[in-house]
Amino acid sequence: RPFPGVSLAPPPLFPGPPPAPPPPAVPVTFVSAARGADRPASSVTVPATIGASLLSVAQAHDIELEGACEGVCACSTCHLILSQDTYDALPEPSEDEEDMLDCAVGLTPTSRLGCQCTVDETWTGAEVEVPGVTRNFYVDGHVPQPH
């Protein structure tokens, strides 16, 4: 028999506050160079979360961008080539980034490391070229998994 003031109704299905909305994102297009006959050039536009690095955006969307040092600016495997406008909108690369870029294959005047490029509203509609080759001094074939 029920006690006075006690409800026998089931608890709400979703107790607590509603889930937070997804963080704001802007569309960024990754253009991947051909990597042999079995992997032709491709282009994919993905939502890039504002505040995320280009390396983490690429890895979150299964875009082949290595990041052997796991994004701490200690390699050049996340080398990207930006348009001149996108490059000019970024802060100058640090000396550490410039040192790592010196190790990149196919360096261009608008090359940057994906781990050092933080997405903001100015990236809306940007195209980023992913070179077809990298130089990994860590271990041949080592591909770290994103956390």
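The values are calculated or read from the model by the stated rules, or taken from the named source; none is laboratory data. Just so it is clear, the model here is predicted, and its values are computed rather than measured. Virtual Cβ from ideal backbone geometry, glycine too; neighbours counted across all protein chains shown. Surface accessibility is based on the protein's heavy atoms, side chains included, excluding ligands, DNA and RNA. Shrake-Rupley method; radii C 1.70, N 1.55, O 1.52, S 1.80 Å.
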Residue pairs, Cβ under 6 Å, 6 or more apart or interchain, first in region 82-106 and within 18 Å of A126 (Cβ to Cβ), second in a loop (DSSP other than H, G, I, E, B). List them.
L82/T110; Q84/T110; Y87/T110
All positions within region 57-81 that are small (G, A, S), in contact with a helix residue (DSSP H, G or I) (Cβ under 8 Å, 6 or more places away or on another chain) and touching a residue at least 40 places away in the same chain (Cβ under 8 Å):
A58, G67, G71, S76
Which one is least open to solvent (accessible area, probe 1.4 Å) among residues in region 47-65 that are under 14 Å from V119 (Cα atoms) and part of a loop (DSSP other than H, G, I, E, B)?
A52
Only one of E97, E70 that is surrounded by 13 or more Cβ atoms within 10 Å (Cβ to Cβ), within 19 Å of the chain's Cα centre (by Cα), at pLDDT below 95 and acidic (D, E)
E70
So the check is Cβ under 8 Å with 6+ separation or different chains; which pairs have a first residue in region 121-147 that's closer than 17 Å to S56 by Cα and a second one that's at pLDDT below 65 and open to solvent by less than 80 Å² (accessible area, probe 1.4 Å)?
none
Failed criterion for S43 (all others in (1) part of a strand (DSSP E or B); (2) more than 23 Å from T77 (Cβ to Cβ); (3) open to solvent by 70 Å² or more (accessible area, probe 1.4 Å) hold)
(2)
Step by step: first the residues of region 104-123, then only those that are open to solvent by 40 Å² or more (accessible area, probe 1.4 Å) and in a loop (DSSP other than H, G, I, E, B), then the one that is nearest to V28 (Cα to Cα). Which residue is that?
D120
What are the residues in region 67-94 that are among the aliphatic types (A, V, I, L, M), under 17 Å from A52 (Cα atoms) and in a loop (DSSP other than H, G, I, E, B), if any?
V72, L90
Kindly indicate whether V31 is under 21 Å from V119 (Cβ atoms), touching a strand residue (DSSP E or B) at 6+ places or on another chain (Cβ under 7 Å) and touching a residue at least 12 places away in the same chain (Cβ under 8 Å).
yes
